[in-house]
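Could you have a look at this structure, given as structure tokens, before my questions?
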Amino acid sequence: MAGTQDEGPERVDGRRLRYRHRREELLQAATEHAVRHGLGQLSLRRVAESAGVGHAALLHHFGTREQLVSEIVERVLDRAFTAPELLDGDPPGGPLRALWRHATAERGEAHVRLFLAITGAALHDEALAGAVRRSVRERTGMLEAGLVREGCPPEQAAATATLVLGTMRGLVLDRLVTGDTARVDAAFEAFVQGVEQQRERWTA
């Protein structure tokens with residue numbers, strides 16, 4: 001009996017780990033589906049077909065479409081306007097150019113496109129608005145801390161971080177809607193050069 005009791009928890013834990021791993025796969029598949037088709041076209045049945053699983057599997061892991069959408073939104077907001085290179089130290093051209101490269105690359109742009117769609121929908125949906133507010137606060141806070149490390153006076157860091165993120169969102173939206181990449185990329189470079197000149201004044 002003692003052996004049976006010892007083995008029981010291991011089997012349960014292993015099963016939970018497999019379920020948790022499968023849930024992550026399904027959430028990733030659902031996120032990719034939303035990135036390609038938008039949240040308006042998202043249904044549990046369509047996501048199940050895209051992921052190659054039964055409708056019941058999604059119900060088991062997420063319960064409702066609303067819960068699945070909530071988790072997709074959190075994931076998209078977390079991945080938009082980020083750059084993996086920032087974790088490796090000082091990326092070529094500096095952190096702002098690294099963010100821009102990621103946001104305008106094919107995969108990053110798809111996440112930013114959905115991020116902007118979610119932001120627009122949040123004007124009429126309080127649940128989405130709450131998720132967007134949390135995301136913006138997190139990104140502003142991270143950028144604010146980085147600016148202080150670069151020499152920005154702490155009392156100016158929040159406003160500068162807000163300006164940087166707002167400018168990036170506006171320029172990416174312009175780029176996506178107009179397709180005028182040369183003009184918008186040039187505008188972003190002019191903006192970054194202005195920030196760099198400001199940084200030189202901070203450290204002078």
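The values are calculated or read from the model by the stated rules, or taken from the named source; none is laboratory data. In this text the structure is predicted, and so the values were computed from the model without any measurement. Note that each Cβ is placed from the backbone with ideal geometry, even for glycine, and that neighbours are counted across all protein chains shown. In case anyone asks, the SASA skips ligands and DNA or RNA and just uses the protein heavy atoms, side chains included. Shrake-Rupley method; radii C 1.70, N 1.55, O 1.52, S 1.80 Å.
State whether one or more residues within segment 111-133 are at pLDDT below 85 and open to solvent by 30 Å² or more (accessible area, probe 1.4 Å).
yes
When only residues in segment 77-110 that are of a type in the set (D, E, K, R) and loosely packed, with under 15 Cβ neighbours inside 10 Å count, which is farthest from residue 188 (Cα to Cα)?
Ranking the qualifying residues of segment 77-110, first place goes to 88.
Okay, next question. Give 155, 138 a once-over and let me know the one that is more than 22 Å from the chain's Cα centre (by Cα), among the acidic types (Asp, Glu) and either surrounded by 12 or more Cβ atoms within 10 Å (Cβ to Cβ) or at pLDDT 90 or above (or both). Outline the logic, then answer.
Numbers: 138 fails: more than 22 Å from the chain's Cα centre (by Cα).
Only one candidate qualifies: 155.
If a residue must be of a type in the set (Gly, Ala, Ser), within 25 Å of residue 159 (Cα to Cα) and not in a helix (DSSP H, G or I), how many such residues does segment 96-144 contain?
Summing the residues that are of a type in the set (Gly, Ala, Ser), within 25 Å of residue 159 (Cα to Cα) and not in a helix (DSSP H, G or I) in segment 96-144 gives 1.
Condition test on residue 74, is it of a type in the set (Asp, Glu) and at pLDDT 85 or above?
Yes, satisfied.
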